[in-house]
Amino acid sequence: MLKIGVGPSSSHTLGPWRAAQRWIEELKIAKQFENVAEVYVDLYGSLSLTGKGHATDLASVLGLCGYDPVTIPVESITTEINFIKTNKKLVLNGEKAIAFQIEENVVFHKKFLDFHPNGMTFRAVLQNGTKTSSTFYSIGGGFVVKKERKSAKLKKEQFNSFPFPIEKASELLVHCKAEKKKISEIVLENERSLRSDAEIDAGLKAIWQVMLESMYVGCHTEGILPGGLNVTRRAFHTHQSLIGDAAYTTPDEWIEAIRNTEVKFRQILKWVTCFALAVNEVNASLGRVVTAPTNGSAGVIPAVMMYYMVIENHNANFNHVKQFMLVAGEIGSLFKKGATISAAMGGCQAEIGVSSAMAAGALTELMGGTPEQVQMASEIAMEHHLGLTCDPIGGLVQIPCIERNAMGAIKAINAAEMALDGDATKAKVPLDKVIETMWETAKDMSSRYKETSEGGLAVRVNMSDC
């Protein structure tokens, strides 16, 4: 659920990037790679309608070039794309130079493929004239599948091998009660069936480091976001007004500087807002962030975690981060299994709504909440995002996306406080029911409000108005 990648979108940027890498692997397995003469990328549905604003074409090309979104120096992306445009060629997987023009070889088709709104086909013409192609679907959060789902059986076997298989929130509670464990402890046992404690810690530390750095970079970068909307970065000036003349040189020192800053009551909301805005301003500028569960909602979880570290518990350390991420990841997976985390399938409720639910539940456990209160907090957070549409102006992950992360973080904290003050045994709406409701709402929602920029703010506000 938590993946390191490049902005601005997990489904429209990270997914196509990964799909391109997988296609290269297919060509090599079929022993066709060395004979490739031409390459084309066909983008369909939402990937086509908002692909330009989400850099889908550029992400696909970078994947074809063999770059990895986790390790590519983000400052080199513009240079690489300009090289391809100028020389009208790319080096396939860093090994084989072929003629390529982004404007001609990447084709935007407005029609939708049947399986999922985010469809893409990679085509190659071999030196003997033979043609080959492969179709992928970006289902949200950077996850990429093929229609036939050849790995489904293996994944089912892995699921059944977990000490605590979980499909629904109610099953999670049963395990917690039977084992007398917290949600994070149940999730950790499942993770241990896949990898060692050292690998788990290393992975979570890397994830938190990227989250922290994205907040740090966003808070220390001013200017205008790319894309044509002329959106001014706000985190920089908000941060300046809050941090004062505190001295620090690294993100970790920054945390201590904030802890030592006198935070008045009304500034708490400003700090949380600042953290969330910072992450998504980095995301909007093709920076490195963590899908949580998507890039468009990447700011909620780090903002709430940072809130806990600098406001609620000044002694918080990696163990608290680990606990938070384990709970958040499990809540997110419940929504992915029972509904969707793709805005192209469910609107923004599937992104900001899910991220807010993940953060609310995770914060509740850190604050001493029971498993029942954790689920209550997640339910409250999602309940107040139901029906939220995805209508990005200009197809860019900027308006209203960036501000929505701040709102989602605030709602998560509020939901956690209400759950901690409430009697979870008397909760009227179980988490499973709100997940089912979100999915039903998603299916009823018009496609105009599902990341197509064909409805809502996207058609009421023109690029020229900005």
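Scan region 3-38 for residues that are surrounded by 24 or more Cβ atoms within 10 Å (Cβ to Cβ) and either over 16 Å from the mean Cα position of the chain (by Cα) or not polar (S, T, N, Q) (or both) and jot them down.
GLY5, VAL6, GLY7, PRO8, HIS12, LEU14, GLY15, PRO16, TRP17, ALA19, ALA20, TRP23, listed by residue number.
Among what's in region 175-192 and is without any contact (Cβ under 8 Å) to a residue 60 or more places away in the chain and assigned to a loop (DSSP other than H, G, I, E, B), pick the residue that is nearest to LEU334 (Cα to Cα).
Top of the filtered list is LYS181.
Do we find a residue being in a helix (DSSP H, G or I) and at pLDDT below 95 anywhere in region 395-417?
The answer is yes, given that some residue of region 395-417 is in a helix (DSSP H, G or I) and at pLDDT below 95.
Mind counting the residues in region 129-174 that are small (Gly, Ala, Ser), in a helix (DSSP H, G or I) and modelled with pLDDT of 95 or more?
Qualifying residue count, region 129-174: 2.
Please work out if LYS322 is charged (D, E, K, R), surrounded by fewer than 23 Cβ atoms within 10 Å (Cβ to Cβ) and within 20 Å of SER170 (Cβ to Cβ).
no
Show me the strands (runs of 3 or more DSSP E) found entirely inside region 1-105 where at least 3 residues are at pLDDT 95 or above and more than 17 Å from LEU286 (Cα to Cα).
36-44, 89-92, 96-99
Considering ALA99, ALA19, which residue is over 21 Å from VAL397 (Cβ atoms) and aliphatic (A, V, I, L, M)?
ALA99
List the helices (runs of 4 or more DSSP H) inside region 256-366, counting only whole elements, that have at least 1 residues being hydroxyl-bearing (Ser, Thr, Tyr) and in the same structural domain as ILE402 (by TED's automatic domain parsing).
By residue number, 265-284, 300-307, 318-338, 352-366.
Which condition breaks for SER453 when tested against (1) surrounded by fewer than 15 Cβ atoms within 10 Å (Cβ to Cβ); (2) hydroxyl-bearing (Ser, Thr, Tyr); (3) not in a helix (DSSP H, G or I)?
(1)
Out of all the residues in region 264-284, which are without any contact (Cβ under 8 Å) to a residue 60 or more places away in the chain and surrounded by 15 or more Cβ atoms within 10 Å (Cβ to Cβ)?
Of everything in region 264-284, those that are without any contact (Cβ under 8 Å) to a residue 60 or more places away in the chain and surrounded by 15 or more Cβ atoms within 10 Å (Cβ to Cβ) turn out to be GLN267, ILE268, LYS270, TRP271, CYS274.
Considering only residues that are farther than 17 Å from VAL282 by Cβ and in contact with a strand residue (DSSP E or B) (Cβ under 7 Å, 6 or more places away or on another chain), which ones fall in region 198-245?
Hit for region 198-245 is ASN230, nothing else.
Would you confirm whether any residue within region 435-445 is in contact with an Asp or Glu (Cβ under 8 Å, 6 or more places away or on another chain), touching a residue at least 24 places away in the same chain (Cβ under 8 Å), assigned by TED's automatic domain parsing to the domain that holds LEU363 and surrounded by fewer than 15 Cβ atoms within 10 Å (Cβ to Cβ)?
So far as region 435-445 goes, no, none of its residues is in contact with an Asp or Glu (Cβ under 8 Å, 6 or more places away or on another chain), touching a residue at least 24 places away in the same chain (Cβ under 8 Å), assigned by TED's automatic domain parsing to the domain that holds LEU363 and surrounded by fewer than 15 Cβ atoms within 10 Å (Cβ to Cβ).
Got a number for residues in region 193-217 being part of a helix (DSSP H, G or I), of a type in the set (D, E, K, R) and free of Cβ contacts under 8 Å to residues at least 12 places away in the same chain?
So the count comes out to 2.
Would you say TYR40 is in contact with a Leu (Cβ under 9 Å, 6 or more places away or on another chain), in the same structural domain as LYS131 (by TED's automatic domain parsing) and either touching a residue at least 24 places away in the same chain (Cβ under 8 Å) or aromatic (Phe, Trp, Tyr) (or both)?
no
Specify the residue that is farthest from the chain's Cα centre (by Cα); the eligible residues are those in region 213-263 that are within 18 Å of ALA406 (Cβ to Cβ) and among the hydroxyl-bearing types (Ser, Thr, Tyr).
So the residue we want is SER241.
Being hydrophobic (A, V, I, L, M, F, W, C) and touching a residue at least 24 places away in the same chain (Cβ under 8 Å) is the filter; apply it to region 94-108 and report the residue that is surrounded by the fewest Cβ atoms within 10 Å (Cβ to Cβ).
Checking each candidate, the answer is ALA99.
Collect the residues in region 224-255 that are touching a residue at least 12 places away in the same chain (Cβ under 8 Å) and part of a loop (DSSP other than H, G, I, E, B), keeping them in residue-number order.
LEU225, PRO226, GLY227, GLY228, LEU229, ASN230, VAL231, ARG233, ARG234, GLY244, ALA246
The values are calculated or read from the model by the stated rules, or taken from the named source; none is laboratory data. A quick note: this is a predicted structure, and the numbers were derived from the prediction, not measured. Note that each Cβ is placed from the backbone with ideal geometry, even for glycine, and that neighbours are counted across all protein chains shown.
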